[in-house]
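*Asks:* Please read through the structure below; I'll follow up with questions.
The values are calculated or read from the model by the stated rules, or taken from the named source; none is laboratory data. In this text, all values refer to a predicted model and were calculated from it rather than measured experimentally. Backbone-built Cβ (ideal geometry, glycine too); neighbour counts: all protein chains shown. Ligands, DNA and RNA are stripped out before the accessible areas are found, and what is left, the full protein with its side chains, is counted by its heavy atoms. Shrake-Rupley method; radii C 1.70, N 1.55, O 1.52, S 1.80 Å.
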Amino acid sequence: MLSVDGLAVEFSGKTLFEDISFVINEKDRIALMGKNGAGKSTLLKILAGFREPTRGSISYPKETVVAYLPQHLLTQDTRTVFEETAQAFSAITEMEAMIEAMNEELSTRTDYESDSYMELIEKVSALSEQFYSIEEINYDADIEKTLLGLGFKREDFGRMTSEFSGGWRMRIELAKILLRRPDIILLDEPTNHLDIESIQWLEDFLINSAKAVVVISHDRAFVDNITTRTIEVTMGRIYDYKAKYSHYLELRKERREQQQKQYDEQQKMIAETTEFIERFKGTYSKTLQVQSRVKMLEKLVMVEVDEEDTSRLRLKFPPSPRSGNYPVTAENVGKCYDEKRIFANANFMIERGEKIAFVGKNGEGKSTLVKAIMGEIEHEGVLTLGHNVKISYFAQNQASLLDENLTVFQTIDDIAVGDIRTKIKDLLGAFMFGGEESLKKVKVLSGGERTRLALLKLLLEPVNLLILDEPTNHLDMRTKDILKQALNDFDGTLIVVSHDRDFLDGLATKIYEFGNQKVTEHLEDIYGFIKKKKLESLRDIERSQS
């Protein structure tokens, strides 16, 4: 379906990757993996035709439709949500309009014998044949189904796209891609702005309705559920595994162990050979043997070991000062914006040391309740913080609060206390700020880099109530593993707003669900909660059918 041959990308004297070749076949579900900066997004842009490689080629049949969802995009502000989504069918509607215009022209002309009249007949016949060969689609119904699946409500359809945040515009663009029914779908971090229900809907669509998919994602559960093949981009080359992500991790571990063994054997041989050369280089009877060994070393192809996996690094954060038994208590808490009710009558008590997840569709009040707990907004009812509660809050705009004139190292060095000070370099390396990266000024960091640094800074401060709002959006899987382990070891109380099922699995022991203007407590873990919700949905369907 799509063939990549001898691809190479170089910029600023650096080779990103070299001589990459692979084929994407129909029904392939490929996860593109590798650490940040390895070239995954660049490779996806080349596949989409948005960037040219330094060398090599991409080839596919002329009629192949390739659709690409980048991490960052801009949707036009001149249309409603429904009108913008309907742009997915613009080529077909334009074709229909052209046929109507040509038929109108044929009905008014009288030069039946002219060459131009005959050409017009041929054109309208060819275009009509192409138009009627397209599978019949109920556009309005398909648009509605797709928008609802991605979390929009019917009342949103007539609203202007300018009223929506970047995350919701991303969903509009994703809807347009899915409705085009492309041959190959290229997705760069599609789940960053989706809630759990929308992610599950997207998984179902990609598994059952898509032809071929290539996805970059740091959502382990999403990747494991939809993919059957993993292409790892590392150190300028690729490794292609016919395996889903969790199996690929085992195979990669075996590969690295084998590389390390070969590397150690080669280093031993080089040391012995070098010793022989130094020992006998002035001995006449050994001249030929010395020269032979020198030439052998010159021609030696060095064994490379792939990047070290830092996910085993454990971080021990400062002990939490002891708080009261109930850090947060809510009594009949609610919130309205103008006449729009977000939620009402929320009643709960969070015990010291509990790890809580806030889940639910976007716009149902998760971040609103967090802001109420922080005292940032007014609300109905009473919210009480327990004795000696010290809060750290990671918000979506946390990165903008960093001091831009400090280096990465200074940002962490200024707040690190206790044993952690001896591990600052390891810590920075684990969060992808190793080596020269730690000397960069904050003002030159990308948005994703700032987010990681803000999160790391937050986790070093001695507090007893951590509130994290979507902390994993810019973290790769290894960094997420380090963060998750650190949070599991955290001896204070944790509230995390997240749609990342794998991140919440084994971390959150209680779920607060936001939906239908209510906050509902669930005593299950995340997968127990999802299973329960599916059963409830099935019962609702059965009741409506009966």
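*Asks:* When only residues in segment 488-511 that are under 21 Å from the mean Cα position of the chain (by Cα) and part of a helix (DSSP H, G or I) count, which is surrounded by the most Cβ atoms within 10 Å (Cβ to Cβ)?
*Replies:* Only one residue fits best here, namely 503.
*Asks:* Also: Select from segment 75-128 the residues that are closer than 21 Å to residue 168 by Cβ, of a type in the set (Asp, Glu) and in a helix (DSSP H, G or I) and list them in ascending order.
*Replies:* 83, 84
*Asks:* Look through segment 324-351, keep the residues that are outside any strand (DSSP E or B) and either acidic (Asp, Glu) or within 32 Å of the chain's Cα centre (by Cα) (or both), and return whichever of them is surrounded by the most Cβ atoms within 10 Å (Cβ to Cβ).
*Replies:* Looking at the filtered set, the residue picked out is 351.
*Asks:* Residues of segment 157-176 being within 22 Å of residue 63 (Cα to Cα) and open to solvent by less than 10 Å² (accessible area, probe 1.4 Å), which ones?
*Replies:* 174, 175
*Asks:* Hey, residue 62 hits all of (1) in a loop (DSSP other than H, G, I, E, B); (2) in contact with a Leu (Cβ under 6 Å, 6 or more places away or on another chain) but one; which does it fall short on?
*Replies:* (2)
Condition check ((1) at pLDDT 85 or above; (2) among the hydrophobic types (A, V, I, L, M, F, W, C)) across all residues:
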residue	(1), (2)
4	yes, yes
17	no, yes
29	yes, no
33	yes, yes
37	no, no
43	yes, yes
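*Asks:* Residue 450 - would you say it is basic (Lys, Arg), within 16 Å of residue 358 (Cβ to Cβ) and modelled with pLDDT of 80 or more?
*Replies:* no
*Asks:* When you go through (1) under 24 Å from residue 23 (Cβ atoms); (2) open to solvent by less than 50 Å² (accessible area, probe 1.4 Å); (3) outside any loop (DSSP other than H, G, I, E, B); (4) out of contact with any Phe, Trp or Tyr (no Cβ under 8 Å at 6 or more places or on another chain) one by one for residue 210, which number turns out not to apply?
*Replies:* For residue 210, the failing item is (3).
*Asks:* Does residue 115 fit the bill of being in contact with a helix residue (DSSP H, G or I) (Cβ under 6 Å, 6 or more places away or on another chain), over 28 Å from residue 87 (Cβ atoms), loosely packed, with under 14 Cβ neighbours inside 10 Å and at pLDDT below 85?
*Replies:* no
*Asks:* Restricting to segment 221-255, and then to whatever is basic (Lys, Arg) and open to solvent by less than 70 Å² (accessible area, probe 1.4 Å), can you tell me which residue is farthest from residue 506 (Cα to Cα)?
*Replies:* Here the residue is 237.
*Asks:* Which of (1) over 19 Å from residue 356 (Cα atoms); (2) β-branched (Val, Ile, Thr); (3) not in a helix (DSSP H, G or I) does residue 463 not meet, given it meets every other one?
*Replies:* Going through (1) over 19 Å from residue 356 (Cα atoms); (2) β-branched (Val, Ile, Thr); (3) not in a helix (DSSP H, G or I) one by one, residue 463 breaks only (1).
*Asks:* Could you say whether any residue in segment 397-406 is open to solvent by 30 Å² or more (accessible area, probe 1.4 Å), over 15 Å from residue 517 (Cα atoms) and either assigned to a strand (DSSP E or B) or among the β-branched types (Val, Ile, Thr) (or both)?
*Replies:* Checked segment 397-406: no residue is open to solvent by 30 Å² or more (accessible area, probe 1.4 Å), over 15 Å from residue 517 (Cα atoms) and either assigned to a strand (DSSP E or B) or among the β-branched types (Val, Ile, Thr) (or both).
*Asks:* For segment 4-25, state whether one or more residues are farther than 30 Å from residue 475 by Cβ, open to solvent by 10 Å² or more (accessible area, probe 1.4 Å) and in a loop (DSSP other than H, G, I, E, B).
*Replies:* yes
*Asks:* If you check every pair at least six apart or on different chains, which have Cβ atoms under 9 Å apart with a residue in segment 368-382 that is under 12 Å from residue 335 (Cβ atoms) first and a residue that is assigned to a loop (DSSP other than H, G, I, E, B) and of a type in the set (Gly, Ala, Ser) second?
*Replies:* Qualifying pairs under 9 Å: 370/395; 371/395.
*Asks:* Identify, by number, the condition in (1) touching an Asp or Glu at 6+ places or on another chain (Cβ under 7 Å); (2) in contact (Cβ under 8 Å) with a residue 40 or more places away in the chain that residue 443 doesn't meet.
*Replies:* Of everything listed in (1) touching an Asp or Glu at 6+ places or on another chain (Cβ under 7 Å); (2) in contact (Cβ under 8 Å) with a residue 40 or more places away in the chain, residue 443 misses just condition (2).
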